[in-house]
Amino acid sequence: MSEGWSSALKRWLEAGVVDAATADRIRAFEASQGGAQRQGRLTLIAFSLGALLLAAGILLFVAAHWDRMSPGGRFSLVLALIVTLHGGGAVASRTSPGLSATLHAVGTAAFGAGIYLAGQIFHMAEHWPAALMLWSIGAAVGVILLRQWPQVLWLAVLAPAWLWGEWMAAQPPHAVWRGLTPAAVGMFLLACAYLTAKPAESAERWRRALAWLGAI
């Protein structure tokens, strides 16, 4: 039941949908679920820390061997990381949805790193916000295919970052600082929109994550 179950139960009692005995049983059941909810939060924290440690380990490993590798080897390593992480997430989805979401989230991070590393490997000097656009498209595909809240968070961060980059790149070199004011106002309004993305009666994780992102 959603977090607003208490007020909903009160409305049901007043409307005669449930009787007092049934309402008492519902309250007793919901009270017994407190431990499970705490366990769910602890699991979320554990998987989040695991994702950070996994991403840090991958970065350290790649950084330690990057200069010794040929351009083809570097590109192959980047592709292998993306395929391995997303493939592992697909396999883990059968047994552990939390682990699956963690691996897919790190896989989306690796996808963005792959875009920038590919540009470095092949010495591409293109319009730099385009890399953020490609990363945003990858996150959007993740949202559509996976329906997982970490992918929503990635998209919620990357799409505004791409628009910010396009705005700043469009400013004349002598007026870059002047363009910061409307961009900052837009980001503030976006943060307010994220903060209000979670209605009181909703318990959807992606809405809660957007609310936390807006607060941060």
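Read-outs: derived from the displayed coordinates by stated rules, not from any lab. All of these numbers come straight from a predicted model, not from anything done at the bench. Every residue, glycine among them, receives a Cβ derived from its backbone with ideal geometry; neighbour counts consider all protein chains shown.
Side notes on the structure shown:
- Amide hydrogen neighbours beyond the local backbone of Val18, cut-off 5 Å, H modeled: Leu13
- Per-selection metrics, region 86-166 (Cα): Rg and Dmax in Å: 13.5, 43
- Extended-chain gain in nm, criterion 0.36 nm per residue less alpha-carbon gap, Trp167 and Thr22: 46.5 nm
- Most to least packed among 150-161, 81-92 [average Cβ atoms within 10 Å]: 150-161, 81-92
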